[in-house]
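Report on the following structure.
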Amino acid sequence: MTRYAELQAASNFSFLRGASHPHEMVTAAAALGLEAIGVCDRNSLAGAVRTWRAKKDLAKTGSGIRDLTGCRLDFADGTPSLLVYPSDREAYGRLTRLLTLGQRRARKAECELHWVDFLDHAEGQLTLVVPPERLDEVFEGHLKRISGELSGDVWLAAARRYGPRDLKRLSQLAALARMSGAPMVATNDVLYHGPERRALQDVLTCIRETCTITEAGLRLQANAERHLKSPAEMTRLFARFPGAVERTVEIAERITFDLG
């Protein structure tokens, strides 16, 4: 049976974006048979303790799943967003210092980070580059630079949107991965643990965008697919891209850090 670890999930600690609590993410991931789940909130480790505690509580019932401590870094200088996982205790310390640096630099509840800041704290970090909606030459240049400076510890995240251009986009990402030397990795870019939370996520989007549901239009997600999926389903979705699903477990196995 194919093994899969979800490496791109946002909880309600990604303010007005994620629509599920960390414990709901962990419980659903265990029920689906995932190898591990990484809750990566934006420029924050605020949900890390609750994610770890939910894993510990599940372990008491005999349900085993790993939680991977990490976060999503959004930059102020145009650098693509990164999903960052510290591989050991020392790397975790560097990541927390990086977040402190960004938060001290910005207004309350905000975080201002630049690429050079991350480079100063990059040792021991396993990094997935999050592609923007538009795959242009600017992103290609960023990906080459990131892959070159983080050699061996960088991958390219790829998620399906259940849209008509999905396979074309994934083929473009696979080509960029080969060109840059950053292997493509499957994710589902999760915003909630189950499809029933899509309505709540729509409401959060409207609050963030200061509009009503009837005014929101394309600012809302196109469907209710931004939820956790089973290893079998992820294997089906990425059947044309061998290795993309398997690499999620390879990355998880390189992470020795545990919040305990």
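For residue 17, the test of being open to solvent by 20 Å² or more (accessible area, probe 1.4 Å), under 26 Å from residue 156 (Cβ atoms), basic (Lys, Arg) and not in a strand (DSSP E or B) is passed. When restricted to residues that are within 15 Å of the chain's Cα centre (by Cα) and closer than 18 Å to residue 185 by Cα, the stretch 1-28 contains 7. All conditions in (1) within 19 Å of the chain's Cα centre (by Cα); (2) surrounded by 13 or more Cβ atoms within 10 Å (Cβ to Cβ); (3) of a type outside the set (A, V, I, L, M) hold for residue 133, with the sole exception of (2).
Within the stretch 141-186, restricting attention to residues that are at pLDDT below 95 and aliphatic (A, V, I, L, M), the residue that is farthest from residue 86 (Cα to Cα) is 167. Residues that are hydrophobic (A, V, I, L, M, F, W, C) and surrounded by 17 or more Cβ atoms within 10 Å (Cβ to Cβ) were ranked within the stretch 102-121; the one that is nearest to residue 41 (Cα to Cα) is 111. Within the stretch 164-186, count every residue that is of a type in the set (Gly, Ala, Ser), within 17 Å of residue 149 (Cβ to Cβ) and under 19 Å from the mean Cα position of the chain (by Cα). Counting residues in the stretch 164-186 that are of a type in the set (Gly, Ala, Ser), within 17 Å of residue 149 (Cβ to Cβ) and under 19 Å from the mean Cα position of the chain (by Cα) gives 2. None of 228, 220, 200, 204 is open to solvent by 70 Å² or more (accessible area, probe 1.4 Å) and closer than 30 Å to residue 34 by Cα except 200. Scanning the stretch 111-152 for residues being touching a residue at least 60 places away in the same chain (Cβ under 8 Å) and either touching an Asp or Glu at 6+ places or on another chain (Cβ under 9 Å) or assigned to a loop (DSSP other than H, G, I, E, B) (or both) gives a total of 4. Inspection of the stretch 208-215 identifies no residue that is surrounded by 13 or more Cβ atoms within 10 Å (Cβ to Cβ), out of contact with any strand residue (DSSP E or B) (no Cβ under 9 Å at 6 or more places or on another chain) and closer than 30 Å to residue 141 by Cα. The set of residues in the stretch 187-217 being under 17 Å from residue 81 (Cβ atoms) and within 14 Å of the chain's Cα centre (by Cα) consists of 187, 188, 189, 190, 191. Among the residues of this structure, residue 157 does not count as one that is at negative phi and surrounded by fewer than 21 Cβ atoms within 10 Å (Cβ to Cβ). Each residue in the stretch 68-98 was checked for being open to solvent by less than 40 Å² (accessible area, probe 1.4 Å) and either assigned to a strand (DSSP E or B) or farther than 23 Å from residue 147 by Cβ (or both), and 12 of them qualify.
Just name the residue that is farthest from residue 6 (Cα to Cα) out of those in the stretch 116-130 that are of a type outside the set (Gly, Ala, Ser) and under 18 Å from the mean Cα position of the chain (by Cα). So the residue we want is 118.
The values are calculated or read from the model by the stated rules, or taken from the named source; none is laboratory data. As the structure is a prediction and not an experimental result, all values here were calculated from the model. All Cβ positions, glycine included, derive from the backbone under ideal geometry; neighbour counts span all protein chains shown. Side chains included, ligands, DNA and RNA excluded: accessible areas come from the protein's heavy atoms. Shrake-Rupley method; radii C 1.70, N 1.55, O 1.52, S 1.80 Å.
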